[in-house]
1. For the stretch 82-122, how many residues meet the condition of being open to solvent by 20 Å² or more (accessible area, probe 1.4 Å), hydrophobic (A, V, I, L, M, F, W, C) and under 16 Å from the mean Cα position of the chain (by Cα)?
2. So which residues in the stretch 1-10 are modelled with pLDDT of 80 or more and open to solvent by 70 Å² or more (accessible area, probe 1.4 Å), if there are any at all?
3. List pairs: first residue in the stretch 381-397 and closer than 14 Å to G408 by Cβ, second residue open to solvent by 70 Å² or more (accessible area, probe 1.4 Å) anywhere in the structure, Cβ distance under 7 angstrom, at least six positions apart or on different chains.
4. Could you tell me which of the residues P211, P158 is surrounded by fewer than 18 Cβ atoms within 10 Å (Cβ to Cβ), of a type outside the set (K, R) and either under 24 Å from D82 (Cα atoms) or at pLDDT 85 or above (or both)?
5. Tell me, which residue of the stretch 326-346 that is open to solvent by 10 Å² or more (accessible area, probe 1.4 Å) and in contact with a Ser or Thr (Cβ under 7 Å, 6 or more places away or on another chain) is nearest to V27 (Cα to Cα)?
6. Take the conditions within 16 Å of Q377 (Cα to Cα), among the β-branched types (V, I, T) and modelled with pLDDT under 80 and apply them to I117. Does it pass?
7. Inside the stretch 293-324, can you point out the residues that are open to solvent by 70 Å² or more (accessible area, probe 1.4 Å) and at pLDDT 85 or above?
8. Which of the residues spanning the stretch 172-182 are out of contact with any Gly (no Cβ under 8 Å at 6 or more places or on another chain), more than 18 Å from V293 (Cα to Cα) and not acidic (D, E)?
Amino acid sequence: MTPDLIAASMFGLLLLGLFMGHPLAFVLGGTAVLGALIAGKPLVLGIVINRIFGDVLDNYTLIAIPLFVLMARFLSDSGVTDRMFETLRLLMSNVRGGLALAVVFISILLAATTGIIGASITVMGVMALRPMLQYGYSPRLTTGVIASSGCLGILIPPSIMLILMASYSPLSVGELFAGSMVPGVLLGLLYAGWVAVVAVLRPDMAPSVEPDEKVSRGQLLRLLAIEAAPPLVLILGILGSLLAGIATATEASAIGAALALGIVILRGKFRLDTFYGALKETGRTSAMILFIVIGATAFTGVFNITGGLRAVQEIIRALDMEPWLLITMMMFIVFLLGAFLDWTGIVLLSFPIFLPIVQEMNINLLWFVVLMAVVLQTSFLTPPFGYALFYLRAIAPREVKTADIIMGVLPFIGLIIMMCIVVALFPALVTWLPDVLYATK
């Protein structure tokens, strides 16, 4: 069988398995086995197993993922986010759209301390969803701002997606963290700007709210500073040590987990049952990610050895497009895949195909990977398989329709696309901070 037919067969089996509703990890692994058999090269599977043990299970950088997941759970158990949101809610109560703006700002801070989408959306949904609806906010704006802001954690460091991207590219975790910092924060501010525009043009969708507690602004500012101190210490400990070159990504994740546990203890929230629950959830999440990584490694290994990877790359090269048009096509493919695949699968499937071609065109690899990370924000929001939609649907009251959630995220998907265009037009947004910190060229 020719490499072209092998590539078509494997992608066809992959899509068939996904549309049948099977878990991504097992679809990838099963397709790898079937692909090796179809190609008549079953011995390839032995090479793939060696690659899994050598490249995946022996990858020191991936240890950072469970540690960051554990840190996120500790921070959630500490109750810091709840108090911060309540303080910010009172502080911005008289501002049109103030509650929605509070959601965005807390989500930016939460993204810089967790990087776990499910945790961010669940925490913000539990805290903000019902109050915003009770105060007269539009269900579409409410769900849209919570879902989209909660997804900032995969772009703003520390992000487990960026760690995985660094593990499968020539880039370091520090470079990716530094490169994504400015686009991530700017995207959050773009969300806030959209909320402000909606509040002005459609005050019925984002009304101002009379405070239900009489607390002076000075007291609220002092309380906000107190409540913001633990997350800021956490951010400084993680990103400060990493970007300054004091610690590696794995060491920084250990620092973050230790600091988060310290916050839980200092706030008197430590209990053995919650500690056990945090360890159990960390193990479950880490195992899920690892299974997907192993399945994708098997798929790409078979795909590469049987000639499918080379065949796809040759097809792309034969298009003979201008670099900007080829990058646009790649980002469009990533956008489409985001409607059906988890970000883990998209990264592990697309990197072996895209990165060599990007390097051949002498395009800045850091800029390309961060641009792809921005596009992957949409993978959590685009139906039918947007995970943020599922998380929010699970905690939303019955009066909030699924159609409201889907329609609510559409403007924010548009803002993500707008941010992609901005990053494409102004690469310095990605390269400036790494150049300053690491003197990269």
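The values are calculated or read from the model by the stated rules, or taken from the named source; none is laboratory data. Computed from a predicted structure; not experimentally measured. Every residue, glycine among them, receives a Cβ derived from its backbone with ideal geometry; neighbour counts consider all protein chains shown. We work out accessible area using only protein heavy atoms, side chains counted, and drop any ligands, DNA or RNA first. Shrake-Rupley method; radii C 1.70, N 1.55, O 1.52, S 1.80 Å.
1. Of the residues in the stretch 82-122, 4 are open to solvent by 20 Å² or more (accessible area, probe 1.4 Å), hydrophobic (A, V, I, L, M, F, W, C) and under 16 Å from the mean Cα position of the chain (by Cα).
2. The answer is L5, and nothing else.
3. Qualifying pairs under 7 Å: R393/T402.
4. Going through P211, P158 in turn, the sole match is P211.
5. Only one residue fits best here, namely W343.
6. It is true that I117 is within 16 Å of Q377 (Cα to Cα), among the β-branched types (V, I, T) and modelled with pLDDT under 80.
7. Hits for the stretch 293-324 are E322, W324.
8. S172, L176, F177, A178, G179, S180, M181, V182 - these are the residues of the stretch 172-182 that are out of contact with any Gly (no Cβ under 8 Å at 6 or more places or on another chain), more than 18 Å from V293 (Cα to Cα) and not acidic (D, E).
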